[in-house]
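One structure, as structure tokens, below. Some questions next.
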Amino acid sequence: MSARVCVLYFAKSVELTGIKEEEFVAVPTPISSRNLWSLLLQRHPRLSLLQHQVVLAVRQQYVAIGDQVVTLGDGDEVAVVPPLSGG
């Protein structure tokens, strides 16, 4: 199965991608958070600068990048949430 999801970019990830959101079509589901991150890196290689700092949020639930499996549905939101800088 696959899903169409909306990917939202925040903070530093907006600078690296040049966009705030985009639609991904045909995302395999279920998918591990690590493989989901790999799909994002294929489209936006500069995101690799955030590799060990970023978390994903799927339907507003934080998901660490790793082996955790998420099931996506059409219209789900996936957010790329880098660490917020203090100040």
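The values are calculated or read from the model by the stated rules, or taken from the named source; none is laboratory data. What you see is a predicted model; the values in this text were computed from it and never measured. Every residue, glycine among them, receives a Cβ derived from its backbone with ideal geometry; neighbour counts consider all protein chains shown. These accessible areas exclude ligands, DNA and RNA; they are computed on the full protein's heavy atoms, side chains included. Shrake-Rupley method; radii C 1.70, N 1.55, O 1.52, S 1.80 Å.
Per the 1.4 Å probe, what fraction of the accessible area of the chain, in percent, lies on carbon and sulfur atoms?
So the carbon and sulfur contribution to the accessible surface is 51 percent.
Here is a further query. Quick check: residue separation of LEU39 and ALA26 times 0.36 nm, minus the Cα distance between them. What number comes out in nm? Provide the component values of the computation, followed by the final result.
Working: separation 13, 0.36 × 13 = 4.68 nm, distance 1.10 nm.
This chain segment gains 3.6 nm when fully extended.
How big is the dipole moment of the chain about its Cα centre under a simple scheme where the beta carbon of each Lys and Arg is +1, that of each Asp and Glu is -1, and everything else is neutral? Debye, nearest 20, please.
Taking the Cα centre of the chain as origin, the dipole is about 200 debye.
Write down the accessible area per residue of the chain in Å², having rolled a 1.4 Å probe over the full set of protein chains. Walk me through the numbers before you get to the answer.
Working: 5250 Å² over 87 residues.
I get 60 Å² per residue for this part.
At q = 0.15 Å⁻¹, what log₁₀ I(q)/I(0) does a Debye calculation on the Cα points of the chain give, no solvent, two decimals?
Those come out to -0.48, one per q.
Also, I was wondering about something else. Roughly what angle does helix 33-43 make with the longest principal axis of the chain, taking Cα atoms, 0 to 90 degrees, to the nearest 10?
Long axis of 33-43 versus the principal axis of the chain: about 70 degrees.
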